[in-house]
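The values are calculated or read from the model by the stated rules, or taken from the named source; none is laboratory data. Quantities reported herein were computed from a predicted structural model and do not represent experimental measurements. Here Cβ is always computed from backbone atoms with ideal geometry, including for glycine, and neighbour counts include all displayed protein chains. For accessibility, only protein heavy atoms count, side chains too; no ligands or nucleic acids. Shrake-Rupley method; radii C 1.70, N 1.55, O 1.52, S 1.80 Å.
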Amino acid sequence: MSGRWIERWEPEDETFWRETGERIAKRNLLWSVISEHIGFSIWSMWSVMVLFMGPAYGVDPAGKFFLIATATLVGSLIRVPYTFAVARFGGRNWTVFSALLLLLPTGVAYAVMEPGTSYGTFLLVAALTGVGGGNFASSMTNINAFFPLRKKGWALGLNAGGGNIGVPVVQLVGLLVIGTAGAMHPRIVLGVYVPLIVLAALGAALYMDNLTPVKNDTGAAKEAVKAGHTWIMAFLYIGTFGSFIGYSFAFGLVLQTQFGRTPLQAASLTFIGPLLGSLIRPVGGWLADRHGGARITLWTFAAMAAATGVVIYASVAESLTVFLVGFVGLFVLTGLGNGSTYKMIPAIFLAQGHRKGLAGEAAEAYGRRISGASMGLIGAVGALGGLGINLAFRQSFQTVGSGTGAFVAFLAFYAACMLVTWAVYLRRPASVAPVPDTAAGAEPDRAPAEV
């Protein structure tokens, strides 16, 4: 798998970008989106499989929430090594391999998805689907290297949004199967994805490229780990992407458990929120490009808190209509926040380069190094928010029989995200202290106000 290496890549050079780079970058973006899309579908497969698991499977709602939480956990943790795999093996090469790897959880699930299979086996298979979650980290790291800073918000938003759509698409496939063949045929869903996985791998092999200048930088990785902004952004990403993936996995199960929907009724509603949240993610990146990522992120968290208040009211009043309005609104807002927070990352570290006294290409190179290294960590920690959401739902249903308690906790968390965004990235201090040497382990209090 050694072919298609590009030796020179200078996206910030406008002449290079116009004459050569843009065409190549967009081609790689297309197949990156396709591969990541399939990865998201496999990762979220168990949000669909649990709808097929009727009484004959002997798994209660708490057990089903734990299945989807297991998939979320593995998909979150595996993002860290996937981030560094791009530089080690090449973006094209790793995309081919990671796409083909999706055949493993899909094939194993096809073999065991029937009543009588032990719960431990289901847990193992759910864990295997976590490899699909890793595709996001490698894909975003790869595309981040292809595009200039002025295009990153759009490119990363489109890449992530196209990948995120894999969640509602697999749920739509599940709806189609339940509506036509019935809830006794989950293997049809799994069978649909085998040729799609092969197509994604083949397209990546034929049309994607490896970038020779992209190398694993252990110094950058260590600096990213020490950087306070890496962990602040990870915290905010828990609130945006963690909410998106957690709600996507749990939505159908919440409808079944709290509102007594049948598998078909739940499946007919489950896909709507993830679809809208995925489609609007590039808009979040575009708005951040125009108005500043921190400003869009702050208002997004404020709106998410308001939507959560609506959901809490609907949960207490047992109003399915109001619940759906509030919950779908949450999905849309998480999509906007996903785009704006990811746009903030390269801008923050470019600003840090300027504050360290760097200028021009030196500052841009610093920003690319540290933001690329930090994205995997931020993506992994953010995805763990999905685990927290599923465990919160599990505990809430076990304790009070509804998801109300979980939503109250989410409301408090969004308020904390608002406060952090304002305090770190929007509050304008009267004076700015000199920037300490981050290579020595210190980290400035905040990035400049406009990020």
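Summary of computed values
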read-out	value
Flag if residue 199 is open to solvent by 40 Å² or more (accessible area, probe 1.4 Å), within 26 Å of residue 35 (Cα to Cα) and not basic (Lys, Arg)	yes
Residue check for residue 78: open to solvent by 20 Å² or more (accessible area, probe 1.4 Å), at pLDDT 90 or above and under 18 Å from residue 147 (Cα atoms)	no
The stretch 302-333, residues that are hydroxyl-bearing (Ser, Thr, Tyr) and farther than 20 Å from residue 261 by Cα	308
Only one of 85, 56, 71 that is out of contact with any Phe, Trp or Tyr (no Cβ under 9 Å at 6 or more places or on another chain) and part of a helix (DSSP H, G or I)	56
The stretch 285-303: number of residues that are free of Cβ contacts under 8 Å to residues at least 24 places away in the same chain and among the acidic types (Asp, Glu)	0
Meets criteria (surrounded by fewer than 23 Cβ atoms within 10 Å (Cβ to Cβ) and over 14 Å from the mean Cα position of the chain (by Cα)) for residue 372	no
Which listed residue is at pLDDT 95 or above, aromatic (Phe, Trp, Tyr) and assigned to a helix (DSSP H, G or I), from 349, 301	301
Test for residue 310: is it out of contact with any Lys or Arg (no Cβ under 6 Å at 6 or more places or on another chain), among the β-branched types (Val, Ile, Thr), open to solvent by 20 Å² or more (accessible area, probe 1.4 Å) and within 27 Å of residue 65 (Cα to Cα)	yes
Residue in the stretch 347-356 that is among the small types (Gly, Ala, Ser), on the phi < 0 side of the Ramachandran plot and free of Cβ contacts under 8 Å to residues at least 12 places away in the same chain present	no
Test for residue 117: is it of a type outside the set (Phe, Trp, Tyr) and open to solvent by less than 10 Å² (accessible area, probe 1.4 Å)	no
Test: residue 383 is farther than 25 Å from residue 244 by Cβ and either of a type in the set (A, V, I, L, M, F, W, C) or under 18 Å from the mean Cα position of the chain (by Cα) (or both)	no
The stretch 12-53, residues that are basic (Lys, Arg) and more than 21 Å from the chain's Cα centre (by Cα)	18, 23, 27
Yes/no for residue 122 being within 19 Å of residue 287 (Cβ to Cβ) and at pLDDT 90 or above	no
Residue among 108, 33 that alone is among the aliphatic types (A, V, I, L, M) and surrounded by fewer than 18 Cβ atoms within 10 Å (Cβ to Cβ)	108
Failed item, numbered, when residue 383 is tested on (1) farther than 17 Å from residue 153 by Cβ; (2) modelled with pLDDT under 85; (3) in a helix (DSSP H, G or I)	(2)
Test: residue 141 is surrounded by fewer than 21 Cβ atoms within 10 Å (Cβ to Cβ), polar (S, T, N, Q) and assigned to a helix (DSSP H, G or I)	no
Which listed residue is of a type outside the set (Phe, Trp, Tyr), open to solvent by less than 10 Å² (accessible area, probe 1.4 Å) and modelled with pLDDT under 90, from 367, 357	367
Residues that are farther than 18 Å from residue 372 by Cβ, among the hydroxyl-bearing types (Ser, Thr, Tyr) and without any contact (Cβ under 8 Å) to a residue 40 or more places away in the chain, drawn from the stretch 217-271	262
